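Written below as structure tokens is the structure these notes are about.
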Amino acid sequence: MTKDQTPAHNTITVEKFAKRVAAAVCRFLDVSPAVLESTAVTVVLTVPTF
Amino acid sequence: MDLFIDGNISQMFSPEGAARFFARLIGVDPRSLRPTVSQERLHAFFITSSAVQSARPYLAINGRPLDYAITQAGTVVPQRMWTLGIPSGAQHFADTSLNMPVFFVHNHGTTLGLPLLRAVVNGSRATLVGAGDTAPIGNGSTMYIRINVGILTFKDSRVSLRDCVLKGFF
């Protein structure tokens, strides 16, 4: 790879993205997912591209 | 249905804020947007103009909803536009391109939102629209995501919002 090339990044599916966001929210709230059975993850995200 | 009145983003950011957001996201005058509204129970706003679609080709706007009309079904935690809070950060943010909004939509087509338990433990492939599609989050290997997390207090039905910072490796 030359210095002008950038490494290819893996893509992530909507399902896996939802899972990672949800897991992070659970960590942030410091609770087990089981106690949040009736709680919905927020649905609107827009992600800056750097 | 009006994108700047009935949309979730307009409700969160105000109509003027939504116009600024869409202008930054898509790179065209938001007044030129003529979204098509889907007639399903959960109304989605789509951009079908080829001129708008070609303004930011990497967004792959075609077929992706720009917003959904507000509905009483499901749970939407309001979000805010975020900046670093310092002058240099504001400039950096202004120069940063955005990706399309990500919506988690139940495939029965009536609600926005995804239960945390299902997302984390059970998986959402069977219930989430486009579960196997590539998430429109850019191609960076590391990403910081800031979202408001709503915590519903059942005693008084208030929702308190806390700023949650997520760092992800993709």
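Coordinate-derived values only; no laboratory data. None of these values were measured; they are calculated from a predicted model. Cβ: placed from backbone, ideal geometry, glycine included. Neighbour counts: every protein chain shown.
Data for the structure
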item	result
Karplus 3J(HN,Hα) series, Hz, for the stretch B:12-29 with 6.51 cos²θ - 1.76 cosθ + 1.60 (x for Gly, Pro)	7, 9, 6, x, 5, x, 5, 4, 5, 4, 5, 4, 5, 5, 9, x, 10, 4
Extension reserve of the B:Ala55-B:Asn107 stretch, reckoned as 0.36 nm per residue once the Cα distance is removed	15.7 nm
Residue mean of other protein chain beta carbons inside 10 Å, B:99-108	4
Built amide H within the under 5 Å cut-off of B:Leu112, gap 5+	B:Thr75
Cut-off under 5 Å, modelled amide H: who pairs with B:Leu128 long-range	B:Asn107
